[in-house]
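The values are calculated or read from the model by the stated rules, or taken from the named source; none is laboratory data. For clarity, every value in this text was computed on a predicted model and none was experimentally measured. In this analysis, Cβ positions are derived from the backbone assuming ideal geometry, glycine residues included, and neighbour counts consider all displayed protein chains.
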Amino acid sequence: MPVLYYVRHGETDFNAEARLQGRRDTLLNSRGKRQAVECGGLLRELIARDGRRAEDFDYVASPLRRARETMEVLRATLGLDPPGYALDDRLMEISYGEWEGLTLPEIDASMPGLLFERERDKWDFAPPGGESYRQLADRVGAWYAAMTRDTVVAAHGGGVRVLMALFNVLPPDEATHAQILQGVVYVFSDGRMSRYA
């Protein structure tokens, strides 16, 4: 199977405020832009280490702006034409439905008990109007199954979590609780995951 170089988008103000973003179309903040540049440098080093060229890879991003901004910075840092990449809706972040834009304390205050229910089975729990990690895994898994070349991706933390489950890096119930950092390149290859920061 193809090698996947996966970059979670850089920080947004929602991240800084610990608000669930989901499908909200937020922008990178200044720290997020710096993180994207840092990831571009990491990618350049990884590609050179493996004796490859930046042109040897496919490039695809989630259509949400924070992922597109990240991808364009990555490509510019690699010396590529910034807009020369594909978009795929299957890479969009998990939908949090009615919870989007809220912090966990705000959710707990307005919908008592639901966060506890979610923690009991985070893989299959869907927030009101949202989707579960299992549903996210179905669409990200379908996207990965269709890949034919080694690929650089700019997308979201939820995608890393479900790929960890799909690659058997962690069981699904543990993968949903994994901390996925910004400013890190996650490499999925041969059934393993490596992190570079």
Residues of segment 156-197 satisfying the condition of being crowded, with 21+ Cβ neighbours inside 10 Å and within 18 Å of K122 (Cβ to Cβ): H156, G158, G159, V160, R161, V162, L163, M164, A165, A175, T176
Helices (runs of 4 or more DSSP H) contained in segment 80-197 and holding at least 2 residues among the β-branched types (V, I, T): 157-166
Qualifying positions in segment 108-126 - farther than 19 Å from V160 by Cβ and in contact (Cβ under 8 Å) with a residue 12 or more places away in the chain: M111, L114, D121, A126
Flag for A155 being without any contact (Cβ under 8 Å) to a residue 24 or more places away in the chain and under 30 Å from V37 (Cα atoms): no
Residue count, segment 96-106 (criterion: touching a Pro at 6+ places or on another chain (Cβ under 8 Å) and either on the phi > 0 side of the Ramachandran plot or touching a residue at least 40 places away in the same chain (Cβ under 8 Å) (or both)): 3
From the options L102, L115, residue that is farther than 29 Å from Y196 by Cβ and either in contact with a strand residue (DSSP E or B) (Cβ under 7 Å, 6 or more places away or on another chain) or crowded, with 18+ Cβ neighbours inside 10 Å (or both): L102
Failed item in (1) farther than 20 Å from A137 by Cα; (2) of a type outside the set (D, E); (3) not in a loop (DSSP other than H, G, I, E, B), with G51 passing the rest: (3)
Of residues in segment 93-136 being in contact with a Gly (Cβ under 9 Å, 6 or more places away or on another chain) and among the aliphatic types (A, V, I, L, M), the one farthest from A18 (Cα to Cα): L136
Condition met for Y133 (touching a Leu at 6+ places or on another chain (Cβ under 8 Å) and either at pLDDT 95 or above or among the β-branched types (V, I, T) (or both)): no
